[in-house]
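Engineer: To start, I am sharing the structure in question, which I have written as structure tokens.
Bear in mind that the values in this text are calculations on the coordinates, not laboratory data. Predicted model, so just to flag it, every value in this text is computed and none were measured. Ideal geometry is used to build each Cβ from the backbone, glycine not excepted, and the neighbour counts take in all protein chains shown.
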Amino acid sequence: MKITAARLILCSPDRNFVTLRVETDEGIYGLGDATLNGRELAVAAYLEEHVLPCLIGRDPFAIEDIWQYLYRGAYWRRGPVTMTAISAVDVALWDIKGKALGTPVYNLLGGKSRQGALVYAHANGADLPSAIESVKKHIDEGYLAIRVQCGVPGTLSSYGVPKGDKPYEPAERGLPAESLWSTEKYLNFVPHLFEAVRKEVGEDIHLLHDVHHRLTPIEAARLGRSLEPYHLFWMEDPTPAENQDAFRLIREHTVTPIATGEVFNSFWDAHDLIRNQWIDYIRMTIVHGGGITALKKTADFAAIYQVRTGFHGATDLSPVTMAAALHFGLAIHNFGIQEHMPHTPLTDQVFPHSYTFEAGYMHPGEAPGLGVEIDEKLAAQFPYARAYLPIARKLDGTVTDW
Ligand code: CS2
Ligand code: MG
């Protein structure tokens, strides 16, 4: 089999997606996700100018060789743009291989280790009562694990809180929006939030919380400790992780489990965190971390240190990535949980897929390959439009981590 063509499909069915389609001389094609939220066209240019021409004529079954060719061959290693581009190619090749062999991708990764992938939903509220209401709504929908974010009294906006009655979506068209942040108010408020939620829902539901890189290590240590009575499933991205050592300090002070890595793009971003057991869950996912090929190696390394996966799964990760993550999560032994922030009905229409949700778990389905399609005609009706993630400022105007 030979690769005969590779092209990108850019579309914006409620949000931007960059999708790679790789075609072969046997008529089988594969899809890959190349979406990097807020920097979409950088990846598109990287692929179109530098990567796609090199694929023509290659054997799509030689996935490891093509991965190494693109990673080592570029000379310039790592970085979100490079690694998202490599991921898109890698995932499209796994899709082709599954289709060619007539089997779902999870079978190529070792086969089923479980019946379904535990997923967590987002409960968001502008204030405490509406956050609790949102938690209850998700329990009614069948979720067993729920991330809770809530507006912090005294700040104009908080991370993860929806505007109006639309579901929470961080990227917005136009130039970057700005939000206000107060660490003091946040640290004082969050323990009350989880005390109230636990009281309301009892002990059995898994509760998670995303700090979104906004604290210093010692502040994060305080938060983790103050949340211990409510035994969270995890505290996510408590502090930025460029300095992996920062997590040592948090770890020394709290037994609240820690997840990080949605902005990572390389195994090396997580190396110290994993081998020192400073984290419990690794969130770097397939679309930004170099594809299934790279994540399999990272997950296997993490398994040795009892670190489990908890892949990023916000709406900016397209249904192609969601499918890939579910095949991956069904197969590997050290799967922990998968984020599930459902796409809008329009996104789902553009990307028909075989994965399903039932009673707290998702399943990739039994279609050969990934089990995702793209309706190109429909996609063409929703052209790409520039959009940005917001910027956060402290109350005195200082730019802070988002
Ligand atoms: C978040 C995301 O899902 C998460 O945990 O941190 O909403 C994140 O902000 C976006 O995916 C960024 O693209
Ligand atoms: Mg997050």
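Engineer: If a paramagnetic tag sat 7 Å from the Cα of residue 26 along the Cα-Cβ line, which residues of the range 81-113 would have the backbone N under 11 Å from that point?
Structural biologist: Under 11 Å, as judged by backbone N against the label point of residue 26, lie 96-103 of the range 81-113.
Engineer: Between residue 42 and residue 346, what length in nm is gained on full extension when 0.36 nm per residue of separation is reduced by their alpha carbon distance?
Structural biologist: Full-extension gain reported as 107.0 nm.
Engineer: Among the aspartates and glutamates, which fall within straight-line cross-link reach of residue 297, defined as a Cα-Cα distance under 19 Å, with same-chain neighbours fewer than 8 residues apart omitted?
Structural biologist: 64, 65, 90, 95, 262, 269, 272, 280
Engineer: Which shape class applies to the range 151-204: rounded if a/c is under 1.5, otherwise prolate when a/b exceeds b/c and oblate if not, where a ≥ b ≥ c are the square roots of the Cα gyration tensor eigenvalues?
Structural biologist: oblate
Engineer: What fraction of the DSSP beta bridges in the chain is antiparallel, stated in percent and rounded to the nearest 5?
Structural biologist: 45
Engineer: Between the DSSP loop rule and a limit of at most 14 other Cβ atoms within 10 Å, which GluC sites (Glu not before Pro) in the range 336-386 are left?
Structural biologist: When the GluC sites (Glu not before Pro) of the range 336-386 are filtered for loop state and at most 14 Cβ neighbours within 10 Å, 366 remain.
Engineer: A further question follows. I want the local charge near residue 354. Using Cβ-Cβ distances under 10 Å, sum +1 for each Lys or Arg and -1 for each Asp or Glu among the other residues.
Structural biologist: With Lys, Arg at +1 and Asp, Glu at -1, the neighbours total -2.
Engineer: Show me the trypsin sites (Lys or Arg not before Pro) within the range 329-402 that DSSP assigns to loop and that have at most 13 other Cβ atoms within 10 Å of their Cβ.
Structural biologist: Qualifying residues, ordered by number: 386.
Engineer: Separate question: About the Cα centre, and with charges only on the beta carbon of Lys, Arg (+1) and Asp, Glu (-1), how big is the dipole of the range 3-104? Nearest 20 debye, please.
Structural biologist: 280
Engineer: Pairs 2/112; 97/296; 2/99; 185/394; 136/199; 112/296: which exceed 18 Å Cα-Cα?
Structural biologist: Violating the 18 Å Cα-Cα cut-off are 2/112.
Engineer: Hey, another quick one. Can you figure out the FRET efficiency of residue 195 with residue 272, using R₀ = 51 Å and their beta-carbon distance, to the nearest 0.05?
Structural biologist: That pair, residue 195 with residue 272, gives E of 0.90.
Engineer: Please report, for the Cα atoms of the chain, the Rg to one decimal and the Dmax as a whole number; what are they, in angstrom?
Structural biologist: Cα only, the chain: 20.4, 61 Å (Rg, Dmax).
Engineer: What residues from the range 146-161 fall in the zone where the backbone N is under 15 Å from a label point 7 Å along the Cα-to-C-beta line of residue 401?
Structural biologist: Of the residues in the range 146-161, 159 have backbone N under 15 Å from the label point off residue 401.
Engineer: How would the range 3-104 be classified by its alpha-carbon gyration tensor: rounded, prolate or oblate, with rounded meaning a/c under 1.5 and the a/b versus b/c comparison settling the rest?
Structural biologist: Verdict is oblate for the range 3-104.
Engineer: With the crude spin-label approximation of a point 7 Å out along Cα→Cβ, what separation in nm comes out for residue 64 versus residue 127?
Structural biologist: 5.9
Engineer: By how many nm would the segment from residue 2 to residue 376 lengthen if fully extended, with 0.36 nm per residue of separation less the alpha-carbon distance?
Structural biologist: 132.3 nm
Engineer: Okay, helix-only estimate at 222 nm for the chain: each DSSP H run of n ≥ 4 adds -39500 (n - 2.57), divide by all residues, round to 500 deg cm²/dmol; what do you get?
Structural biologist: The helix contribution divided over the chain gives -10500 deg cm²/dmol.
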